[in-house]
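Let me begin by presenting the structure, written as structure tokens, before commenting on it.
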Amino acid sequence: MAEPDEEDERILAYLRDRADAGKRYFRAKHIADAIGLTAKQVGTRLPRLAEESDDVDIEKWGRARSTTWRVTPE
């Protein structure tokens with residue numbers, strides 16, 4: 001993975017913690033609310049993090065009103 005910036009690290013840490021606790025499905029808005037970013041900041045980073053992350057598997061799962069992301073620990 002390329003050198004993540006501070007916001008990437010916050011997103012990954014949140015996803016790691018929640019995935020380890022058993023939560024698997026996330027929306028950018030809820031991640032953003034929990035870590036103090038905007039949904040747009042999170043939503044634009046998740047596709048890149050999905051390709052580059054080595055510690056969690058991030059998969060675009062579904063799209064209703066907003067995209068749902070499935071996250072599993074690797």
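Read the figures in this text as sums done on the coordinates, not as results from a lab. Please read these numbers as outputs of a predicted model, since none were measured by experiment. Reconstructed Cβ throughout: ideal geometry from the backbone, glycine too, with neighbour counts over all protein chains shown.
With the convex hull drawn around the C-alpha atoms of the range 6-73, the volume per residue stands at 74 Å³. Taking 20 Å as the straight-line reach from the Cα of LYS60, the aspartates and glutamates in range (excluding those fewer than 8 positions away in the same chain) are GLU7, ASP8, GLU9, ASP17, ASP20, ASP33, GLU51, GLU52, GLU74. Phi angles of the range 54-71 translate, via the Karplus equation with coefficients 6.51, -1.76, 1.60 and θ = phi - 60°, into HN-Hα couplings of 9, 9, 9, 9, 10, 10, 5, 9, x, 9, 10, 8, 8, 6, 9, 10, 9, 10 Hz per residue; Gly and Pro are given as x. Here the chain is treated with +1 on each Lys and Arg Cβ and -1 on each Asp and Glu Cβ, and its dipole about the Cα centre works out to around 780 debye.
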